[in-house]
Amino acid sequence: MDKVLSVTGLGKCYGKGCPLCITATGPEHDTNLCPYCGTVVAAHDVSFDLHEGEILGIIGESGSGKSTAVKCLYFDDAPDSGEAVFHDGEQSHALFDLNAAQQRRLRNHRFSMVYQNPNLGLNFGISAGGNIAERLLMSDMLDYARIRKRVKELLSRTEVLPSRMDELPKNFSGGMQQRVQIAKALSTNPPLLFLDEVTTGLDLSVQAAILDLILEIQQELSTSMIVVTHDLGVIRSLTNRTLVMKYGRIIEAGLTDQVLEDPQHAYTQRLVASAL
Amino acid sequence: MGYVAIKGGAEAIQGAEELFEYLRCARGEAGSPLDSATIQNQLRQLHSRVLSEGGLYHPELASLAIKQSLGDTLEAGFALRAYRSTQPRLSETPLIDTSKMRLIRRISSAFKEIPGGQMLGPSNDYALRLLRLELLDESPEAFRQVAHQWLQDLPQDRLPDSFPKVLDALRNEGLLPKQGEGKAQAFDITREPLVFPVERSAALATMARAETGSLLALAYSNMRGYGDIHPTVAELRVGYLPIELPHPVTGEPVEVGEVLMTECEVVAMYDKPTDDKAVMGSDIKAGTGTTQHIGSQPTFTLGYGACFGHNEVKAISMAILDRALQKGMQEGPSNPSEDPEFVLLHIDGIDSMGFASHYKMPHYVTFQSDMDRLRTTRRKHKETAL
Amino acid sequence: MSYPFGFMDEYAKKEVRRGILKAIAIPGYQVPYSSREMPMGRGFGTGGLQLTLAAIGPNDTLKVIDQGSDDSVNAVNLRSFIEMTCPGIDTTASTEEADIIQSRHRIPEKPLSEDQLLVLQVPYPDALVVVEASEEKRKQMHSEADYSRLLVKLYEDIVKFGEITLSHRYPTRINGHYVIDPSPIPRWDVPRLHRAANLTLLGAGREKKIYAVPPYTAAEPLEFDDIPFRVEDFRDEHGHRRRCQRCSTDDSFLDEFINEEGDTVYQCSDSDYCNTRLLSASAIKERCLG
């Protein structure tokens, strides 16, 4: 399988930093806050590969660094160290060497993000269809009838009634808003999709339906995905491989089945045990 | 058949201006024209306001501007500004140390006693706002008597030329951030447009000639809930600031005159040192470890306001907004008064009143275009309804 | 006390000229400049005025129009100010004779030549302001030619009204990159910016921006492939093009007004165009009768 993304040694600190930050923090110290200078070591030495059509899960509690890692990859934040190479067909992009305009270009055309909070992914002042149209317009689709058709297809695919495409997203339920976000994210067939706690806060039945939808789409389009969650259920139902993070470090990585059946790290063991 | 737009035009403008000029002189023989000194003294606060909003320190032309605009502060400030556009720049003053100001008034609400002492100076802060009906019929004799009496009772002891600054005491104690090096070149808003993000000196300059009411409204919004600056006036000073220019031959600074100024420094509640701000700005939850601060200590924060003339409300408002804008520049605005674009682009009286007035001009063409859109849309609507 | 030629001091004029050169070099890009206070209100054409004052010389002939008319109150005011501060210049109402035409809300109907300069007065220079309030972000969007949010606005218009409701100030892409606010000219005038022989300069006084559409430069209104941009429709209920009730022309932008009898009548917005038509019509009539 072809690699889509390879991340090496990604690190991010918040604070002024000191020579002791790294050695004084991490799972073995039970903190991500440097006791000498107060710096938060949000992520350190995060490395992994993502292959075509694969769903990679990152699990951890808040402060584990899972969101920081994804934010850096989606250019919402800049890392302090490390590399990430995005392989896009013939081209390879060293993500952190790109200038801001190049980064925004990738973000708008080749990546997509579905946020936990639909407010971040959707503009509530314009119609659901308008939200999706924005991404299509960004990719220079300038035919109104074609845009309408594509929006209807996407909404049908994500099980939103196309007849509601001209309504404002604020009139929709939380689950519907997530479906619109997913439709928007998929509109340009991006090879790489980030999902940040997409089912958190939704009813259980709605959660299940959204997860099913994501799986179906992944099978249809073979989009590569990175799923960030604190919910073992999401990891279990979606992902092929899993990274477990704690205090900014990856403490365990492997095939999801393996991690769940035979967890190695004490923290993972506790996590799996508590979910049973 | 005449061309419709021709109606009015040049003669109408001429007539309107003549009528406006007549209003200025409407009392006929009973009236007498205002002279510059009368405006500068008897309308002192108005005069101060025009000096500061006009952004040109020219007391005589400020009086003239007030006279010809019939006392409209916006129009008077405007006339001064427009005059300024015709004048070349001959020289630039070096940085001026405002502690050299010859004060007529200084107060601090932070301390009961301040080095050099409080000096109330001229103020009606504590006067009852009752109409002084006796002034309705003030005789010239009584008027002159006031000045005469006051000069006679003048105390003989001389005031020192300058006073120490209240903030210096706090600074010596380390309760204020260290004073940065004064920038040799401040941003010049009369020569460069504001392109955001802008530096603090650009914000200060814009506020120094802003419209008083606009500044007050935005500063007030911060005071009463849309913001959290909670200021204390460390020092409010009014006085004459000597202006120096380099001598054309020797290059030595020479005093060339003085300007009446109001200056205000506010102290706002302390802030964590900048290192911690990054942590506060992130969504990372701190672990269980304890923080040990090495290095910087929390300090009070400052806001600065200064403008031409005697304009206390303006100087205080400006100081509060300066503090609010600094916060917005560092951490991102969380309310309008902390947003540099929002504040700085909407406080200039000359800009905003001009734009408000321009709506009085004809907009036939754009309105024709609006009607075309509405009619077409209505027609479409009807067609789809059928 | 007397004023310098062109009112502004020489340094100010030089700065405006530098801005003009930069604006021509980067078609459609908004060049910031310091914008001096002029002795008329912001919004009354102080941006256009500074361009005119920086460009005009004592041998130039100037035409000033507002709403297409030379005699509209504001045009009269601006013209007499420029005459007062620029001794030696000539003024004219004829589009053809003018070297510099300063205008608010209209482009003259008669196409301009390479030797002519059109100065448009601009209240809001940035087409993106309707979708993004922050100038800092707008600059970024312009630099990347990212106008998707503006297009979404058009999309939403069509969804809601079946029509693009933008009536004037129609966003127009210059030379394939920067989208400008072409000033509040009606849509009628937008196609006449496209590859025009003359230089068009746009100046915003209050917003402190100069931008340009250089000669023979593409100026294309934003539109969808299948829903083209449309100019104002001057057809009556029977589908006939309305005529100017004064000169009878049917190819100009019309002002609509209610006459003293209470009827709606139409008349050319461009007074020079109307007058020229009328003169040539009466000349023809005379010749026929004579």
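Here's the list of lysines a cross-link from C:K22 could span, going by alpha-carbon distance under 21 Å and ignoring same-chain residues fewer than 8 apart: C:K13, C:K14, C:K139, C:K208, C:K209. Overall shape: oblate for the range B:11-84, with the ratio a/c of the largest to smallest alpha carbon gyration tensor axis at 1.5 or above and b/c at least equal to a/b. Of the residues B:G213, B:G305, B:G239, the one that moves most in a GNM of chain B with alpha-carbon contacts below 10 Å is B:G213.
Bridging of A:K71 to lysines at a Cα separation below 23 Å is possible for A:K3, A:K12, A:K16, A:K184, A:K246, B:K277, B:K285, C:K137, once same-chain residues fewer than 8 apart are set aside. Rounded to the nearest 500, what is the protein assembly as shown's calculated 222 nm mean residue ellipticity when only DSSP H runs of at least 4 contribute -39500 (n - 2.57) each, over all residues? Only helices count here, giving -11000 deg cm²/dmol.
Within the listed set C:T217, C:T92, C:T276, the Gaussian network model of chain C (springs between alpha-carbon atoms below 10 Å) gives the highest mean-square fluctuation for C:T276.
Determine the shape class of the protein assembly as shown: with a ≥ b ≥ c the square roots of the Cα gyration tensor eigenvalues, call it rounded for a/c under 1.5, and otherwise prolate if a/b is greater than b/c, oblate otherwise. Mind dumping the intermediate values first?
Working: a/c = 2.41, a/b = 1.20, b/c = 2.01.
Judged from the Cα gyration tensor, the protein assembly as shown comes out oblate (a/c at least 1.5, b/c at or above a/b).
The chymotrypsin sites (Phe, Trp or Tyr not before Pro) found in the range B:308-386 that occupy coil by DSSP, while having at most 10 further C-beta atoms within 10 Å, are B:Y359. Among the GluC sites (Glu not before Pro) in the range B:110-217, those located in a DSSP loop and surrounded by at most 16 other Cβ atoms within 10 Å of their own Cβ are B:E113, B:E138, B:E173, B:E181, B:E199.
Could you tell me which of rounded, prolate or oblate describes the range C:10-220, using a ≥ b ≥ c as the square roots of the eigenvalues of the alpha-carbon gyration tensor, with rounded for a/c under 1.5 and, failing that, prolate when a/b is larger than b/c and oblate otherwise? In terms of gyration-tensor shape, prolate.
Counting Cβ atoms of other protein chains within 10 Å of each residue's Cβ and taking the mean over peptide C:145-152 gives 6. Rolling a 1.4 Å probe across all protein chains gives B:I104 an accessible area of roughly 50 Å².
For chain C, the longest stretch holding no GluC sites (Glu not before Pro) located in a DSSP loop with at most 12 other Cβ atoms within 10 Å is which?
C:115-236
Which of the lysines could a cross-linker span from B:K360 if the Cα-Cα distance has to be under 19 Å and same-chain partners fewer than 8 positions apart are dropped? The reachable lysines, counting only those whose Cα sits under 19 Å from B:K360, are B:K7. For chain B, modelled as a Gaussian network with Cα springs under 10 Å, which listed residue fluctuates most, B:S201, B:S85, B:S221? Maximum fluctuation in the GNM of chain B, among the listed residues, is at B:S85. For chain B, which longest stretch is free of loop sites, where a loop site is one of the trypsin sites (Lys or Arg not before Pro) that DSSP puts outside H, G, I, E and B and that has at most 16 other Cβ atoms within 10 Å? The longest such stretch corresponds to B:286-359. Could you list the trypsin sites (Lys or Arg not before Pro) in the range C:129-197 that lie in coil according to DSSP, counting only those with at most 16 other Cβ atoms within 10 Å of their Cβ? Listed in order of number, the matching sites are C:R195.
The values are calculated or read from the model by the stated rules, or taken from the named source; none is laboratory data. Please read all numbers here as calculations on a predicted model, not as lab measurements. Cβ coordinates were reconstructed from backbone atoms using ideal geometry, including for glycine residues, and neighbour counts include every protein chain displayed. The area values use the complete protein model at the heavy-atom level, side chains included, leaving out ligands, DNA and RNA. Shrake-Rupley method; radii C 1.70, N 1.55, O 1.52, S 1.80 Å.
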